[in-house]
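The structure appears below as structure tokens.
Just so you know, all these numbers are worked out from the coordinates, no wet-lab data involved. Given the structure is predicted, the values throughout are model-derived calculations rather than measurements. Positions of Cβ are generated from backbone atoms using ideal geometry, with glycine treated the same way; all protein chains shown enter the neighbour counts.
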Amino acid sequence: MEESDRLLDEFLNHLTVEKGLSKNTIEAYSRDIIKYISFLESGNISPFKANPSHIVSFLSKLKQNNISTRSYARNLVAVRMFYKFLMRNNQILTMPTAGVDMPKLASRLPEVLSIEEVGRLLEMPKTEDCLGLRDKAMLETLYATGVRVTELISIKLNDLNLQTGYIVTYGKASKERIVPLGETAMAYIRKYIDSSRSMLLKNRMSEYLFVTSRSKRLTRQAFWALIKRYALLAGISKNKVKPHALRHSFATHLLERGADLRSIQTMLGHSDISTTQIYTHVKTEQLKSIHKKSHPRG
């Protein structure tokens, strides 16, 4: 194995085992570091010998390819983490990323569905058939809990407690949290387990709550396609339907009805309250929009 391949494997193993990052994040960082190492190798530069000017040149090349600011920032984060890993293992003495500034990211307010739009979306699955009932249970769970899509498709039967009405889920860095389910979501989960799930499994076994007819759990891509299809049927703008649409709507609707920010932070699994505070900005923007439409001098 070449030196660069060995380095990459060790770094990715570090991200998986010690940092506990998600599979999607690790795959993104892997692509970023492969690009970075290839850039260095094109100039016959060892990753151990790189200095800040090499980092700047790499980032400049990314800019020339019209990379987005967020992707640019993620590449720099990946390179920084790579060199922190090398320094921790005493493979370098100084950080070549020192002095290389992170770009300022424009804050993007999340797209939020109205309560009426959420209602239409949740009514789209046909609960008379197996897959429709499963989809209904999944969408209700997603809106009731605000979990990430990856967390939703990873729920296992053992994570579910319908007696007390909560699920145990594992967020970023495998951090465990307990989230209430709500009566509607619990009702549809019960119906799904009592009928559809066993019919989908066809006497096969699975530890996951939500399964396909092949006894597998859904992929993120399959769920993404599923929610887009239902949104289209519900007549909801495709610009509003993102993988986190129901998660953002969950948080915003709770805030609008008086839930405190700390409770929402706990349910969403945010480690920093500043991440949750974006929903206060969403609420402010909605109020401004209402004022502009309704006030005589808006």
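Descriptive notes on the structure:
- Residues of region 8-46 satisfying the condition of being part of a loop (DSSP other than H, G, I, E, B) and either among the small types (G, A, S) or without any contact (Cβ under 8 Å) to a residue 60 or more places away in the chain (or both): E18, G20, S22, G43, N44, I45, S46
- Among the candidates L200, L246, L232, residue that is surrounded by fewer than 14 Cβ atoms within 10 Å (Cβ to Cβ) and either more than 20 Å from the chain's Cα centre (by Cα) or touching a residue at least 40 places away in the same chain (Cβ under 8 Å) (or both): L232
Residues checked against (1) in contact with a Ser or Thr (Cβ under 9 Å, 6 or more places away or on another chain); (2) of a type in the set (S, T, N, Q):
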position: K63; (1), (2): no, no
position: M81; (1), (2): no, no
position: N90; (1), (2): no, yes
position: T97; (1), (2): no, yes
position: V100; (1), (2): no, no
position: L121; (1), (2): no, no
position: P125; (1), (2): no, no
position: C130; (1), (2): yes, no
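- Within region 123-155, considering residues that are assigned to a helix (DSSP H, G or I) and of a type in the set (D, E), the one farthest from the chain's Cα centre (by Cα): E123
- Here P110 meets the list (1) assigned to a loop (DSSP other than H, G, I, E, B); (2) crowded, with 16+ Cβ neighbours inside 10 Å; (3) more than 19 Å from the chain's Cα centre (by Cα) almost entirely, failing just condition (3).
- Some residue of region 156-169 being small (G, A, S), out of contact with any Phe, Trp or Tyr (no Cβ under 6 Å at 6 or more places or on another chain) and either part of a helix (DSSP H, G or I) or over 24 Å from T252 (Cβ atoms) (or both): no
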